[in-house]
């Protein structure tokens, strides 16, 4: 009897959990917000009671200081400069990465010959060759854009080449047998099937461009967000530093959302 009662209790609990699981599955944003809030609460408690306030500030203090960070002389201009460098770098990385990935993916010879070289260059720790970018492009915005492009184009190349390789050869042969031109094959067969790979590459490439631009600014710039990040670190101003990092996180989230919406829009073309 006790065993039967226990089994009935477990079954009742499992049935009660089903609506909660369904609600969580239909509202994934609520779970993300809950996790973020939990992390902020832990951070707030640790910063106030466990850690040295000279090295880390609680999120409430950081939030209240965002106006002061934006009011710091040079920060708004630096933010605009960094956004400009990221935008130009992202566009160039997308064009170079998509074109090269498509060329490598469509040709069996090119894929076997050049894909290992692309993977080798992608695995290279590019921060070690940052001085070469400075030597060729100077310490201005051009070197930051170029370094961002070098970080962002390889993920786009690799994902697009992989996506093109997965296209069913039967579709290609069928299109050719019906007299389709190269342009028609690209538009009606290749492009629709590479949409998921393309936007996956764009997301990875966007992160790479952001990282590359900030690294270049951090090491060799006298302007931009990377420069002020280094400055606030050297001056032991954790509140301003974390506030600046929070702004960068917002920028990354906004850019990712733009790509996600574009993916949703053009995903209908694939269907």
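The values are calculated or read from the model by the stated rules, or taken from the named source; none is laboratory data. Quick caveat, the model's predicted, so the values are computed rather than measured. Neighbour counts are summed over all protein chains in view; Cβ atoms, including those assigned to glycine, are modelled from backbone coordinates with ideal geometry.
Before moving on, here are some points about what is shown:
- Take the conditions (1) surrounded by 16 or more Cβ atoms within 10 Å (Cβ to Cβ); (2) closer than 29 Å to residue 131 by Cα; residue 236 misses just one of them, which is (1).
- Residue in segment 176-183 that is touching a residue at least 12 places away in the same chain (Cβ under 8 Å) and buried (at least 16 other Cβ atoms within 10 Å of the Cβ) present: no
- Residue match in segment 90-109 (condition: exposed (fewer than 13 other Cβ atoms within 10 Å of the Cβ) and in a helix (DSSP H, G or I)): yes
- Pairs, first in the same structural domain as residue 89 (by TED's automatic domain parsing) and free of Cβ contacts under 8 Å to residues at least 12 places away in the same chain in segment 130-158, second surrounded by 16 or more Cβ atoms within 10 Å (Cβ to Cβ) and part of a helix (DSSP H, G or I), C-beta under 6 Å, six or more apart: 137/143; 137/146
- Single condition residue 68 does not satisfy, out of (1) at pLDDT 75 or above; (2) not assigned by TED's automatic domain parsing to the domain that holds residue 245: (2)
- Residue in segment 202-223 that is over 21 Å from residue 80 (Cα atoms) and surrounded by fewer than 22 Cβ atoms within 10 Å (Cβ to Cβ) present: yes
- Residue within segment 220-239 that is part of a helix (DSSP H, G or I) and over 30 Å from residue 44 (Cβ atoms) present: yes
- Those helices (runs of 4 or more DSSP H) of segment 124-217 in which at least 2 residues are modelled with pLDDT of 80 or more, considering only elements entirely within it, cover 130-137, 141-165.
- Unique match (being under 13 Å from residue 79 (Cα atoms), at pLDDT below 80 and buried (at least 19 other Cβ atoms within 10 Å of the Cβ)) among 243, 226: 226
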